[in-house]
Every structure is written in structure tokens, then in C-alpha cells.
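This report concerns only the one structure given below.
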Amino acid sequence: MTAIFFKTKVITIMSKRDYYEILGVSRNASEEEIKKSFRRLAMKLHPDRNPNDKVAEENFKEAREAYEVLSDSRRRAAYDQFGHSADGMGGFGGPGGMGGMNFSDIFGDIFGDIFGGGRAGPQRGSDLRYNLDISLEEAVFGKTIELTIPTLIACDECNGSGAKKGSSPVTCKDCGGYGQVRIQQGFFSVQQMCPTCRGKGKVISDPCSACHGKGRRKQSKKLSVKIPPGVDNGDRIRLNGEGEAGEQGAPPGDLYVQISVKQHPIFERDGVNLHCEVPISFITAILGGELDVPTLDGRAKLKIPAETQTGKVFRMRGMGAPPVRGGTKGDLLCKVLVETPVNLSHKQKELLRELEKELQKDKTNHSPQSSSWFARVKKFFEDMKF
Ligand SMILES: [Zn+2]
Ligand SMILES: [Zn+2]
């Protein structure tokens, strides 16, 4: 429901209450305090909430008048100086005076968010959202996808107007095309959506039989959507005007294709970069070697240098995803994991023990991490006084 109030004649009542008293604020209250207080009172006393309550109506009128004066700095100053006698001096509301402010301005401001704004004319079509699951490969390389979308399309029989072929909608007689009518409600003039044309301002006297005057009908629409290379999870692609058709020739809505990228068994994506983990044997880690690693462009060779530690990340430039708005492709980051061998035979274990003895024989440090680690542990225990 929409309610807009128009300024009514200010009736001078003898022995008026003080405006500040009415609003329950001090004489030096700020504009914001006055507004807040009036809003609270208006919510309580509003005639829509108190039908047939004469006292509430009177109190509402009083509060409204107080607010009308106190919310206008010049009128408030005049009131502060002359009190209610300012009325008689033409200070308030007279033609050519400082008044003449349209009350709907105040109420639009105060009640705008309570009653909502009015609207006229046929409504624009709704936006549609389509959730599209794609693979990582499709996201990286892009793809053209055929979508079938259940939607409302413009009626081809009447070209979306809703009026029978050869006729056209006519201006609504009840509201003169404005879409709103004013209804007298006691003291107040309340503006409402025109019930005849339902706010559209036009009526169809001879409706199209194919769409029953709606100008649109349900139908599945096939669309070919280009997914640009580099799209990521959560991206939205907007297709202008591909949403539902508008009412009776009003503009259509938009279609939003919401992208979600499925998990990949090998790669994890972080923006334009891809990450993967590559297990390597401890022999390869020690002696170095070359590995076949998967990339989205196919197989690639990864050179593992000798003495590679576990967790080392190798960057393969340009093997990631392109930025969706163009630019340099990201990288593929391969993290190697050195594996501890399992299921060793007796002989294999013997060879390892022999190797261990050999390693201990020379005075060389073969464990780059552990010596510094043990030193740090030693210091920790000393500091903690264990
Ligand atoms: Zn039609
Ligand atoms: Zn109307």
C-alpha cells in the first residue's frame, strides 16, 4: 500500500499546546531528534493503525503540525520567537510566505521506507539466475554452452502488448494514466494504486487471446552462452535482456549465469594459479631425475634437481589459468612430496642399513635440516630450564 499525504489547511486552534511538548523533545533538540520523535509518534498514532479513533487522529494531526513547523529551521526560529502567534502573522503556511511546503515531501522522507514508494506503468521483466556447474578445464579454456531456460517470453501474437491484434491499450479512465488514485479517508487524502489498471496507467479493452492480455507467456528458451576462458567459481555472467519478458511490452529482465567450478581430482585453483602435489621416490629426490607431470595442456616434463627436499614447490610458468579479463596466464605450482618406501624386503632393508653405516662413517653432514633443528631444540630446552 502506498500512502502519500498532502498538505491540508492549517487550522488555528486557540490555546494550542507547545510544539516541543507535543513531540516530547527539549527546546534545543536537534533536527535528528525531532525527526526521530515524530517518527515514533506518527507510527503510534497513524490513522491506518487507529481506524475510527478520533483522539488518535487529533493527536496525529497535532504532532504532524508540530513537526511541520519544527523541522523547518526558518519556521522553527519564528515559532521560538513568537510562539503560536506566528500563525497569525502569516509566518506559517500562507501563500507567498515561508510555508507552502508540500507535505508529501516530509512524509515521503519519513514514511518512504515504511509504506514503500508508488509506481506506475507495466513492470520490467524479472531477472533470472541460472546456476551452471562446469569443470575446471571448461573454466580455464572457456566454452560455448547451450542452456534451456524456462522463462516468460513476449507473446508473438500481440508483440507483447497484451492487446488484440489491431487494437492497443488505452489510458485508464479512473486514474487518467497516472496509475494512482487519491482516496479521502476522513481528514486525510490517501494515495493508492489504481485498482482498475493496477498501477499500469493503461487498460486493455480487447485482450489478446493467446496471452490473455498479459503480453507474455511461459516458454523454455534455448540460449547459447559463451563462457569466457578464465572464469572462476562465483563469477556471474550477465546476459542483457535475456531474463523474463516485461509486462505488456515493458523491457525484459537480465539473465545471470552463476558459475560454479567443480572440484578437480588433481588440480586446485587459486585465482589464475593452479596447484598440484606430485609424489616422488626418495631415490629421485636424492639423485634427481625427470618426471612426467599433468597440466591442463597435457603432459609436461618436470626436472627434479638432485637433493630435492620434500615440500619443495616447482613453478611451471604459464601453465595456469588466464585472467578472465585478459592478461598473462597464471602458473602451475607443483609441490613434490618425497615418499617413504613401504613393503621393503629383507634384502632391501639390509642395503639401507648398510647405507646408513656408510653415511655415518664420513664426517659430512647429510641432513641439512636436522643439525639446525637439533640446535634450536637444545636452545629451547635451555631457555625453558627443563
Ligand atoms: Zn498476446
Ligand atoms: Zn488506472
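Sort through ILE183, ILE237, ILE227 and tell me the only one that's more than 16 Å from ligand 1 (Cβ to nearest atom), under 30 Å from ALA42 (Cα atoms) and of a type in the set (A, V, I, L, M, F, W, C).
ILE183
Are any of the residues in the stretch 165-172 under 32 Å from the mean Cα position of the chain (by Cα) and either within 11 Å of ligand 1 (Cβ to nearest atom) or assigned to a helix (DSSP H, G or I) (or both)? Spell out how you get there, then give the answer.
Initial filter on the stretch 165-172 (under 32 Å from the mean Cα position of the chain (by Cα)): none.
No, that holds for no residue.
Which one of these is out of contact with any helix residue (DSSP H, G or I) (no Cβ under 9 Å at 6 or more places or on another chain) and among the aliphatic types (A, V, I, L, M): LEU274, LEU223? I'd like the intermediate steps shown before the answer.
Numbers: LEU274 fails: out of contact with any helix residue (DSSP H, G or I) (no Cβ under 9 Å at 6 or more places or on another chain).
Only one candidate passes the filter, namely LEU223.
If only one of GLN185, GLN180, GLN191 is at pLDDT below 85, in contact with a strand residue (DSSP E or B) (Cβ under 9 Å, 6 or more places away or on another chain) and either of a type in the set (Val, Ile, Thr) or outside the structural domain of GLU138 (by TED's automatic domain parsing) (or both), which one is it? Lay out the reasoning, then the answer.
On the way: GLN185 fails: in contact with a strand residue (DSSP E or B) (Cβ under 9 Å, 6 or more places away or on another chain); GLN180 fails: at pLDDT below 85.
None of the others qualify; the one that does is GLN191.
Between a first residue in the stretch 67-79 that is in the same structural domain as LEU45 (by TED's automatic domain parsing) and without any contact (Cβ under 8 Å) to a residue 40 or more places away in the chain and a second residue that is among the β-branched types (Val, Ile, Thr) and buried (at least 20 other Cβ atoms within 10 Å of the Cβ), which pairs have beta carbons less than 6 Å apart while being 6 or more apart in sequence or on different chains?
ARG75/VAL69
Pairs, please: C-beta under 6 Å, at least 6 apart or cross-chain, first residue assigned by TED's automatic domain parsing to the domain that holds ASN273 and in the stretch 292-311, second assigned to a loop (DSSP other than H, G, I, E, B)?
Close Cβ pairs (under 6 Å, with a partner that is assigned to a loop (DSSP other than H, G, I, E, B)) amount to PRO294/ILE266; THR295/MET319; ILE304/GLY288; PRO305/GLY288; ALA306/GLY288.
Considering only residues that are open to solvent by 80 Å² or more (accessible area, probe 1.4 Å) and among the acidic types (Asp, Glu), look in the stretch 301-342 and name the one that is farthest from ARG236 (Cα to Cα).
It comes out as GLU307.
Quick one: which of ASP133, ASP113 is modelled with pLDDT of 90 or more and charged (D, E, K, R)? Even if it seems obvious, please write down each step before you answer.
Values: ASP113 fails: modelled with pLDDT of 90 or more.
Step by step, each of ASP133, ASP113 is checked, and only ASP133 is modelled with pLDDT of 90 or more and charged (D, E, K, R).
Those residues that are assigned by TED's automatic domain parsing to the domain that holds MET316 and in a helix (DSSP H, G or I), I need them from the stretch 233-289; list them, please.
The answer is PHE282, ILE283, THR284, ALA285, ILE286, LEU287.
Filter the stretch 200-217 down to the residues that are within 37 Å of the chain's Cα centre (by Cα) and away from ligand 2 (no atom under 16 Å from the Cβ), then identify the one that is surrounded by the most Cβ atoms within 10 Å (Cβ to Cβ). Working first, answer last.
Going through the stretch 200-217, the residues within 37 Å of the chain's Cα centre (by Cα) turn out to be 200-204, 210-217.
Restricting the remaining residues to those that are away from ligand 2 (no atom under 16 Å from the Cβ) gives 210-212, 214-217.
Details: ALA210: 15, CYS211: 23, HIS212: 12, LYS214: 19, GLY215: 27, ARG216: 23, ARG217: 17.
Top of the filtered list is GLY215.
Take the conditions surrounded by 14 or more Cβ atoms within 10 Å (Cβ to Cβ), assigned to a loop (DSSP other than H, G, I, E, B) and at negative phi and apply them to SER126. Does it pass?
Working: surrounded by 14 or more Cβ atoms within 10 Å (Cβ to Cβ): yes; assigned to a loop (DSSP other than H, G, I, E, B): yes; at negative phi: yes.
For SER126, the condition - surrounded by 14 or more Cβ atoms within 10 Å (Cβ to Cβ), assigned to a loop (DSSP other than H, G, I, E, B) and at negative phi - is met.
Mind telling me which of the residues GLY177, GLY160, GLY213 ends up being part of a loop (DSSP other than H, G, I, E, B), away from ligand 1 (no atom under 12 Å from the Cβ) and on the phi > 0 side of the Ramachandran plot? First the steps, then the outcome.
Numbers: GLY160 fails: away from ligand 1 (no atom under 12 Å from the Cβ); GLY213 fails: away from ligand 1 (no atom under 12 Å from the Cβ).
GLY177 is the lone residue from the list that is part of a loop (DSSP other than H, G, I, E, B), away from ligand 1 (no atom under 12 Å from the Cβ) and on the phi > 0 side of the Ramachandran plot.
Would you check if there is a residue in the stretch 182-196 being more than 30 Å from ALA56 (Cα to Cα) and either open to solvent by less than 60 Å² (accessible area, probe 1.4 Å) or outside any strand (DSSP E or B) (or both)? Spell out the reasoning first.
Let us first name the residues in the stretch 182-196 that are more than 30 Å from ALA56 (Cα to Cα), namely 196.
If we keep only those that are either open to solvent by less than 60 Å² (accessible area, probe 1.4 Å) or outside any strand (DSSP E or B) (or both) as well, we get 196.
Yes, the stretch 182-196 has at least one match.
For the stretch 31-62, enumerate the residues that are open to solvent by less than 80 Å² (accessible area, probe 1.4 Å) and in contact with a Ser or Thr (Cβ under 9 Å, 6 or more places away or on another chain).
Across the stretch 31-62, the qualifying residues are ILE34, LYS35, PHE38, LYS61.
Restricted to the stretch 140-190, and to residues that are within 30 Å of ASP53 (Cβ to Cβ) and aliphatic (A, V, I, L, M), which residue is farthest from ligand 2 (Cβ to nearest atom)?
VAL190
The values are calculated or read from the model by the stated rules, or taken from the named source; none is laboratory data. Because the structure is predicted, anything quoted here is derived from the model rather than measured. With ideal geometry, Cβ positions are generated from the backbone for all residues, glycine too; neighbour counts draw on all protein chains shown. Heavy atoms of the whole protein, side chains included, go into the accessibility calculation; ligands, DNA and RNA do not. Shrake-Rupley method; radii C 1.70, N 1.55, O 1.52, S 1.80 Å.
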